[in-house]
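S.K.: What follows is a structure written as structure tokens; I'll ask about it next.
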Amino acid sequence: MKSYAAVDLGASSGRVMVGRVGPDTLELTEAHRFPNRPVRVPEGLRWDILGLYAGVLDGLRAAGRVDSVGIDSWAVDHGLLDADGALLGNPVHYRDARTEGVAEQVWATVPPAELYAATGLQYAPFNTLYQLVAARSRPQFARARRLLLVPDLLTYWLTGEQGTELTNASTTQLIDPRTRTWAYGVAERLGIDLTLFPPLRQPGDPAGLLRPEVLEETGLTGPVPVTAVGSHDTASAVAAVPAGGERFAYICTGTWSLAGLELDAPVLTEESRAANFTNELGLDGTVRFLRNIMGLWLLQECQRAWGEPDVEVLLREAAGAPALRSVVDAGDEAFLAPGRMPERIAEACRASGQPVPSGRGEITRCILDSLALAHRRAVREAQRLADHPVDVVYVVGGGTRNALLCQLTADACGLPVVAGATEAAALGNVLVQARAHGLAGDLAALRGLLARTQPLTRYTPRGGTGPWREAAARLAAR
Ligand code: LRH
């Protein structure tokens with residue numbers, strides 16, 4: 001039996017989990033959890049990357065002896081390093097406003113249809129490509145010699161070695177999902193210097209050894225290898241979908257809901273672009289064909305506005321509120337920025353001629369119904385666009401704790417929902433490390449181990465999907 005430390009950083013918290021793995025064993029325990037609080041300074045919204053690194057070190061100390069360490073985090077964001085390898089300022093948060101209007105500039109050079117055909121990435125204002133175009137007029141950028149995505153930056157601090165892990169690189173909009181390497185043509189046309197990125201590495205590749213100073217600070221005894229994992233949290237989470245041989249869709253729930261299919265090849269049609277589906281790269285040659293939905297961010301932001309009431313209380317209130325009375329488009333970019341969420345949801349209901357939810361229970365209900373509706377839409381459209389029907393929807397991540405959301409998703413999709421692990425990203429992270437260090441098996445075998453060892457909860461759809469069709473029509477008619 002071997003032990004692996006999985007560092008998993010989400011948009012609102014980070015954790016270091018320890019996975020113990022053997023041919024028939026997979027146990028996950030939490031070594032350390034710490035908040036990830038974005039900080040607003042006069043120049044904009046920033047990540048407290050030093051605080052996060054300190055949390056990682058605390059977590060490694062708490063984890064104790066492990067056979068390897070792997071890091072995954074949210075996508076697209078990065079740090080810039082100067083010629084000495086020193087970080088140039090705090091990484092910019094993907095919800096920062098600096099990319100407003102930048103897409104139009106990019107599209108004037110590479111039209112959206114060409115960009116999609118070359119990179120397969122959905123339009124999102126925060127794709128690294130747009131962030132780079134926004135950044136390059138700033139004096140700081142002139143000093144940048146290296147760009148490291150967040151997990152790669154932390155890996156560099158831990159080991160002194162630089163690389164660009166592929167699954168996360170695929171969220172930059174600078175990767176060609178067919179060749180699984182850089183989209184050289186796009187970069188050249190937009191004047192983006194790809195030598196800013198260190199060479200690509202694959203999940204499972206070695207990423208160096210913990211530096212002597214890190215060993216000293218964490219009390220660990222070397223050598224401790226760091227192993228590249230699916231460093232995009234969604235890549236790790238999808239690797240940990242406990243699916244068997246059946247045809248499945250997945251929804252990774254947390255701050256975002258990422259809903260879609262695992263495919264062998266990207267779908268780069270004009271129809272898929274119009275539907276804003278993305279083709280991100282996964283483990284073992286897979287493609288994650290999915291749509292980003294605002295997810296529990298909508299509720300987290302309301303909780304913040306309401307003074308952080310207990311989520312269980314809100315869910316009880318929501319369960320008693322009228323169903324499907326008002327819904328909003330949970331895929332709408334209008335909800336991306338932080339602040340005033342209850343008011344923004346009320347405004348969206350008013351603008352679409354629906355009753356305005358009042359009070360915490362009704363607003364929470366509106367959010368959950370809207371998420372389930374967006375899940376339904378994404379699962380249905382993904383099947384059609386990829387010509388890939390499914391019989392079951394797997395839900396993993398933070399939303400698995402939310403039984404009402406899982407049940408509403410089953411009802412809305414008219415399909416059984418199987419809820420898997422809450423800490424799916426950490427499990428996927430651990431499994432990739434385990435495989436790199438001797439555990440035999442392809443993705444299906446890793447998933448078999450998950451299905452045998454992790455608790456699963458099944459939700460059967462209740463009633464017909466008629467009310468959901470009606471609610472979807474209400475939104476479409478806006
Ligand atoms: C989820 C996630 C998602 C990205 C977003 C920026 O944590 O990685 O896959 O689109 O953050």
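S.K.: Among the residues in segment 88-102, are any hydroxyl-bearing (Ser, Thr, Tyr), surrounded by 16 or more Cβ atoms within 10 Å (Cβ to Cβ), within 11 Å of the ligand (Cβ to nearest atom) and free of Cβ contacts under 8 Å to residues at least 40 places away in the same chain?
M.R.: To start, the set of residues in segment 88-102 that are hydroxyl-bearing (Ser, Thr, Tyr) comprises 94, 99.
Filter once more, so that each one left must be surrounded by 16 or more Cβ atoms within 10 Å (Cβ to Cβ): 94, 99.
If we keep only those that are within 11 Å of the ligand (Cβ to nearest atom) too, we end up with 94.
In the following step, the residues that additionally are free of Cβ contacts under 8 Å to residues at least 40 places away in the same chain were identified as 94.
Looking for residues that are hydroxyl-bearing (Ser, Thr, Tyr), surrounded by 16 or more Cβ atoms within 10 Å (Cβ to Cβ), within 11 Å of the ligand (Cβ to nearest atom) and free of Cβ contacts under 8 Å to residues at least 40 places away in the same chain, one finds at least one in segment 88-102, hence yes.
S.K.: Another question, if that's okay. Can we say Pro125 is of a type outside the set (Val, Ile, Thr), outside the structural domain of Asn292 (by the TED database), under 28 Å from Arg273 (Cβ atoms) and within 16 Å of the ligand (Cβ to nearest atom)?
M.R.: yes
S.K.: Out of Asp82, Asp72, I need the residue that is within 16 Å of the ligand (Cβ to nearest atom), touching a residue at least 40 places away in the same chain (Cβ under 8 Å) and either assigned by the TED database to the domain that holds Gly295 or at negative phi (or both). Which one?
M.R.: Matching residue, one of Asp82, Asp72: Asp72.
S.K.: Now for a separate question. Filter segment 424-447 for residues that are surrounded by 24 or more Cβ atoms within 10 Å (Cβ to Cβ) and not hydrophobic (A, V, I, L, M, F, W, C) and give the result.
M.R.: Hits for segment 424-447 are Gly428, Asn429, Gln433.
S.K.: Looking at the structure I just gave you, is Ala412 out of contact with any strand residue (DSSP E or B) (no Cβ under 8 Å at 6 or more places or on another chain), among the hydrophobic types (A, V, I, L, M, F, W, C) and in a helix (DSSP H, G or I)?
M.R.: yes
S.K.: Here is a follow-up. If you check every pair at least six apart or on different chains, which have Cβ atoms under 6 Å apart with a residue in segment 428-442 that is part of a helix (DSSP H, G or I) first and a residue that is modelled with pLDDT of 95 or more and of a type in the set (S, T, N, Q) second?
M.R.: Partner pairs satisfying both residue conditions: Gly428/Ser236; Asn429/Ser236; Gln433/Ser68; Gln433/Thr227; Ala436/Thr227.
S.K.: Do you know which residues across segment 276-317 are within 30 Å of Leu121 (Cα to Cα) and assigned to a loop (DSSP other than H, G, I, E, B)?
M.R.: Asn276, Phe277, Gly282, Thr286, Met294, Gly295, Leu296
S.K.: The conditions are (1) in contact (Cβ under 8 Å) with a residue 24 or more places away in the chain; (2) in a helix (DSSP H, G or I), and Glu216 fails exactly one of them. Which is it?
M.R.: Here Glu216 meets the rest and fails (1).
S.K.: Tell me the strands (runs of 3 or more DSSP E) entirely within segment 22-119 that contain at least 3 residues that are touching a strand residue (DSSP E or B) at 6+ places or on another chain (Cβ under 6 Å) and of a type in the set (Phe, Trp, Tyr).
M.R.: In segment 22-119, there are no strands (runs of 3 or more DSSP E) which contain 3 or more residues that are touching a strand residue (DSSP E or B) at 6+ places or on another chain (Cβ under 6 Å) and of a type in the set (Phe, Trp, Tyr).
S.K.: Restricting to segment 179-204, name every residue that is surrounded by 15 or more Cβ atoms within 10 Å (Cβ to Cβ), of a type in the set (D, E, K, R) and in a loop (DSSP other than H, G, I, E, B).
M.R.: Hit for segment 179-204 is Arg180, nothing else.
S.K.: Can Gln354 be described as part of a loop (DSSP other than H, G, I, E, B), more than 16 Å from the ligand (Cβ to nearest atom) and surrounded by 15 or more Cβ atoms within 10 Å (Cβ to Cβ)?
M.R.: Yes, satisfied.
S.K.: Can you find even one residue in segment 280-297 that is in contact (Cβ under 8 Å) with a residue 24 or more places away in the chain, surrounded by fewer than 24 Cβ atoms within 10 Å (Cβ to Cβ), at negative phi and away from the ligand (no atom under 16 Å from the Cβ)?
M.R.: no
S.K.: Could you tell me which of the residues Leu408, Leu404 is surrounded by 23 or more Cβ atoms within 10 Å (Cβ to Cβ) and either of a type in the set (S, T, N, Q) or in the same structural domain as Asp310 (by the TED database) (or both)?
M.R.: On the way: Leu404 fails: surrounded by 23 or more Cβ atoms within 10 Å (Cβ to Cβ).
That would be Leu408, the only listed residue that is surrounded by 23 or more Cβ atoms within 10 Å (Cβ to Cβ) and either of a type in the set (S, T, N, Q) or in the same structural domain as Asp310 (by the TED database) (or both).
S.K.: Quick check on segment 216-229. Is at least one of its residues of a type outside the set (Val, Ile, Thr) and within 16 Å of the ligand (Cβ to nearest atom)?
M.R.: Among the residues of segment 216-229, not one is of a type outside the set (Val, Ile, Thr) and within 16 Å of the ligand (Cβ to nearest atom), which makes the answer no.
S.K.: Given the criteria away from the ligand (no atom under 16 Å from the Cβ) and either modelled with pLDDT of 95 or more or surrounded by fewer than 21 Cβ atoms within 10 Å (Cβ to Cβ) (or both), does Leu258 qualify?
M.R.: no
S.K.: Can you tell me which residues in segment 318-345 are assigned to a helix (DSSP H, G or I) and either touching a Pro at 6+ places or on another chain (Cβ under 7 Å) or touching a residue at least 40 places away in the same chain (Cβ under 8 Å) (or both)?
M.R.: Restricting attention to segment 318-345, the residues satisfying the condition of being assigned to a helix (DSSP H, G or I) are 318-320, 333-335, 341-345.
Of everything in segment 318-345, those that are assigned to a helix (DSSP H, G or I) and either touching a Pro at 6+ places or on another chain (Cβ under 7 Å) or touching a residue at least 40 places away in the same chain (Cβ under 8 Å) (or both) turn out to be Ala318, Ala319, Gly320, Glu333, Phe335, Met341, Pro342, Ile345.
The values are calculated or read from the model by the stated rules, or taken from the named source; none is laboratory data. Note that the coordinates shown come from a computational prediction; the quantities given were computed from them, not determined experimentally. Backbone-built Cβ (ideal geometry, glycine too); neighbour counts: all protein chains shown.
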